[in-house]
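Participant: Dropping a structure here in structure tokens format, bear with me for questions.
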Amino acid sequence: MNIKPSLFLVFLLFAYLNGWTQNAFKVIPLGIKGGNDESNLSAYLVAPSNSNNYISLDAGTLNAGIQKAIDLGTLKGVVEDFLRKNIKGYLISHAHLDHVAGLIINSPADTNKYIYAMPKVLGIMRDKYFSWDTWANFGNEGEMPQLKKYTYKPLVEGTEEQLTATEMTVQAYPLSHVNPTQSTAFLIGANNNYLLYLGDTGADEIEKTDQLMKLWRRVAPLISSGQLKAIFLEVSFPNSQPENQLFGHLTPKLFYKELGKLQQLTNAEAFGKLSIIVTHIKPPHYAEVKQELQKENKLQLNLIFPEQGKLFMIN
């Protein structure tokens, strides 16, 4: 095919605008906070930028978050339709209520889907929440009768798993959230690009583990190659929070200390292109934590503070 240079440039622009060359992700935060507000708890919808097949990274808030997105014009239609048709499954980092309450409460209105998590997390969902003592058993395991709306899909550390009905894959890696409580990091892949979502996590030095360093070593090559586009990382408390009252969370100081370790493992130029999405700030400390993060940003990171219901792109 012989295309003149000027026409070829027009063709490329047209292709880009129509999503033919898209290779990034889009994110709709359904909940961004770290507790105290049941209408706005950890849940992030992620899909390739040219798809509407979303996976939910944690599910603390669903209904209220979808409604907020509709009110802002990010989404169209009604909550129940979007919940049933466009959220294709749930990746649950750990089973604390501020990460699963929306999934549990909205389960009667949902459709058949997978819940992906590490086996220990699935065990808590099965035995503590989707049991007939606390709620109906919408799972495919556990107490009888099993309504089998949700199928538990155990993830194996470091093993790539296709996310059903989406164009994405996931790899799971353990985190420490008040050792020995387990949380999870999810490495999401699509079109040879990646984003990394960390559930609640403490710093290695506080947790007395090396889980974060293991994770950094795993993803560092993806940063240097330009394939890892973004990291979702929590900062729950301000620097004034005593170390013995962090409860498996990060402060701005610890946040930068951990990301500094990651930077040392990577190509500096590529590291500078990363988007860092700040998650799980406790509502009473939001302004203080945000101010400390912006003031102490010696790594010159591209910080993103997500807002409930507002779409943002990861390029």
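Participant: Taking amide hydrogens as modeled 1.01 Å from N in the peptide plane, which residues meet the under 5 Å criterion relative to G89, leaving out close sequence neighbours?
Facilitator: S56
Participant: Let me ask something additional. Using the Kyte-Doolittle scale, find the helices of the chain whose mean hydropathy is at least -0.5 and whose Cα atoms extend 24 Å or more along the helix's long axis, counting only whole DSSP H runs. Numbers along the way, then the final one.
Facilitator: Working: long enough: none.
Once both thresholds are applied, nothing remains.
Participant: Looking at region 169-282, what % of its DSSP beta bridges pair antiparallel, to the nearest 5?
Facilitator: Values: 14 of 23 bridges.
If I count the DSSP bridges inside region 169-282, around 60 percent turn out antiparallel.
Participant: Continuing with this model, one more query. Could you compute Rg(Cα) / (2.2 N^0.38 Å) for region 98-170, with N its residue count?
Facilitator: Rg over 2.2 N^0.38 Å, computed on Cα atoms: 1.10.
Participant: In the chain, if the dipole is taken from +1 on Lys/Arg beta carbons and -1 on Asp/Glu beta carbons about the Cα centre, which of S225, P154, G35 is farthest to the positive end?
Facilitator: Result: S225, furthest along the dipole toward the positive end.
Participant: So who's got an amide H within less than 5 Å of the one on L62, skipping anything under 5 residues away but keeping other chains? H placed 1.01 Å off N, in plane.
Facilitator: Correct list: G102.
Participant: For region 64-135, what is the convex hull (Cα atoms) projected area averaged across all directions, in square nanometres?
Facilitator: Working: hull surface 20.2 nm².
Average of the hull's projected areas for region 64-135 equals 5.0 nm².
Participant: Further question on the same structure: Any idea what log10 I(q)/I(0) is at q = 0.07, 0.08, 0.15 Å⁻¹ for region 23-314, Debye with uniform C-alpha scatterers and no solvent?
Facilitator: Summing over Cα pairs of region 23-314 leads to -0.23, -0.31, -1.16.
Participant: Between V79, N193, A95, whose Cα lies farthest towards the positive end of the dipole of region 23-314 when Lys and Arg beta carbons carry +1 and Asp and Glu beta carbons carry -1, centred on the Cα centre?
Facilitator: The one lying farthest along the dipole's positive direction is N193.
Participant: Enumerate the amide H contacts of F232 below 5 Å, restricted to partners 5 or more residues apart or on another chain; note that Pro and chain-start residues carry no placed amide H.
Facilitator: Result for F232 returns L196, Y197, L198, I277.
Participant: Determine the relative contact order of region 15-108: mean sequence separation of Cα pairs under 8 Å and six or more apart, normalised by residue count, in whole percent. Display every interim value, and only then the final one.
Facilitator: On the way: 183 pairs, mean separation 25.0, N = 94.
Reported relative contact order: 27 percent.
Participant: For region 44-54, just list the computed ³J(HN,Hα) in residue order, Karplus coefficients 6.51, -1.76 and 1.60, θ = phi - 60°, integers in Hz, with x standing in for Gly and Pro.
Facilitator: So the Karplus estimates, Gly and Pro as x, are 10, 7, 10, 8, x, 4, 10, 9, 10, 9, 9 Hz.
Participant: Please report the relative contact order for region 157-315, taking Cα pairs under 8 Å with a sequence separation of at least 6, and give it as a percent rounded to a whole number.
Facilitator: Details: 290 pairs, mean separation 30.6, N = 159.
Relative contact order comes out at 19 percent.
Participant: Just need the relative contact order of the chain here, percent rounded to a whole number, with Cα pairs under 8 Å and 6+ apart. Intermediate results must be reported in sequence, preceding the final value.
Facilitator: On the way: 706 pairs, mean separation 56.0, N = 315.
Relative CO of the chain lands at 18 percent.
Read-outs: derived from the displayed coordinates by stated rules, not from any lab. Everything numeric here is computed off the predicted structure, so don't read it as measured data. Virtual Cβ from ideal backbone geometry, glycine too; neighbours counted across all protein chains shown.
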